[in-house]
Amino acid sequence: MEVRCIYEARSALGESALWSPKEQALYWLDQMRPEIHRLDPATEKDVKFAFDLPPQLGGLVPCKNGGMALAAADGITLLSPDMKSRTTLVNPIAGRPNLSFNDAKCDRQGRLWAGTTDRLEKEPLGRLYRIDPDGTATSVADGFICSNGPSFSPDGRIMYHTCSSERVINAYDIDLRTGQASNRRVFARIDPTAGVPDGSTVDAEGYLWTTHWGGWRITRYAPDGRIDREIPIPVKNVTSCAFGGATMDTLFVTTASAENDNGRWVYMDDAGFDAAPLTGGIFAIDVGVKGLPEPFFGV
């Protein structure tokens, strides 16, 4: 199985891969720079949008009426369809500069799920929130250092949520009508030798694909939590993945070059990139399985 680097992005911390079926393009974030990008795999042209952004970004999701929602250190904001303006929807972490929103995904009913992380990645300050289209933010779970990878089963009845520092992926039952999450249980535990679980996505067969920070790999988990397969990635820190392409059977993958040294981010210099040019790059893998388009936030 060929793992292709389609763009040597030299990102500090590439994140939140998001495929636009309409544009046939991949949106992605550089979390720590911070930047929002759009990559056209056909032309390999990458565009950076000129937003005034907070110091840390988290997740990007599409909106029903055009534009996108961004989860970041200044809460949940809405990006206009022309990608030129940004307005605040809700910020439940206002006044908490030590926190930032991280990964975010929408369920099939148009609700946004986004978790927070301790920016120093030391204390269990993180919460998982459900954000309704009217801007109401409900705390669903708490007590973790770094929230990652909310993803939903094809029928929307199961949510997978990653507690990265604990190396645990939990599953929840979701009430489709109310959005209530219940029956939290451990779906998978990640061996320390496999790094730390990071962003994820679910394919059309209901299998969970999880990236591994520090693990040089992506893992596909069966619905029962069994490891179905592992794909080696030629970069240490693998951060997020999303299905895309003309037939939705290409897995796009972001990676990072930065390292967290006891709460301090260390960034790769030009000499480091010259020696390891794929680090922080964007990859594409034809995995032989189809994914599903990401659901829209109902705004």
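What do you reckon, is G291 over 30 Å from P154 (Cβ atoms), of a type outside the set (D, E, K, R) and under 16 Å from the mean Cα position of the chain (by Cα)? For G291, the condition - over 30 Å from P154 (Cβ atoms), of a type outside the set (D, E, K, R) and under 16 Å from the mean Cα position of the chain (by Cα) - is not met.
If I filter region 245-252 for residues that are farther than 23 Å from S151 by Cβ and in a loop (DSSP other than H, G, I, E, B), do I get at least one hit? Walk me through how you get there before you give the answer.
From region 245-252, those farther than 23 Å from S151 by Cβ are none; that's our starting set.
No, the conditions are met nowhere in region 245-252.
Looking only at residues in region 16-51 that are among the basic types (K, R) and in a strand (DSSP E or B), the one that is farthest from C5 (Cα to Cα) is K48.
For every residue, the table says whether it meets (1) modelled with pLDDT under 95; (2) aromatic (F, W, Y); (3) not in a strand (DSSP E or B).
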{"position": "I169", "(1), (2), (3)": "no, no, no"}
{"position": "T178", "(1), (2), (3)": "no, no, yes"}
{"position": "V202", "(1), (2), (3)": "no, no, no"}
{"position": "W209", "(1), (2), (3)": "no, yes, no"}
{"position": "G215", "(1), (2), (3)": "no, no, yes"}
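Filtering region 56-110 down to residues that are acidic (D, E) and either touching an Asp or Glu at 6+ places or on another chain (Cβ under 7 Å) or not in a strand (DSSP E or B) (or both), which residue is farthest from C163 (Cα to Cα)? Among those that are acidic (D, E) and either touching an Asp or Glu at 6+ places or on another chain (Cβ under 7 Å) or not in a strand (DSSP E or B) (or both), it is D82. Selection of region 19-28 for residues being surrounded by fewer than 24 Cβ atoms within 10 Å (Cβ to Cβ) and of a type in the set (A, V, I, L, M) yields only A25.
When the residues of region 146-184 are filtered to those that are farther than 12 Å from L208 by Cβ and β-branched (V, I, T), the one that is surrounded by the fewest Cβ atoms within 10 Å (Cβ to Cβ) is T178. Might you let me know whether region 98-116 holds any residue that is surrounded by fewer than 16 Cβ atoms within 10 Å (Cβ to Cβ) and farther than 22 Å from D203 by Cβ? Yes. Within the span defined as region 125-132, one or more residues are modelled with pLDDT under 95 and surrounded by fewer than 24 Cβ atoms within 10 Å (Cβ to Cβ).
The values are calculated or read from the model by the stated rules, or taken from the named source; none is laboratory data. What you see is a predicted model, and the numbers here were worked out from it, not measured in a lab. Ideal geometry is used to build each Cβ from the backbone, glycine not excepted, and the neighbour counts take in all protein chains shown.
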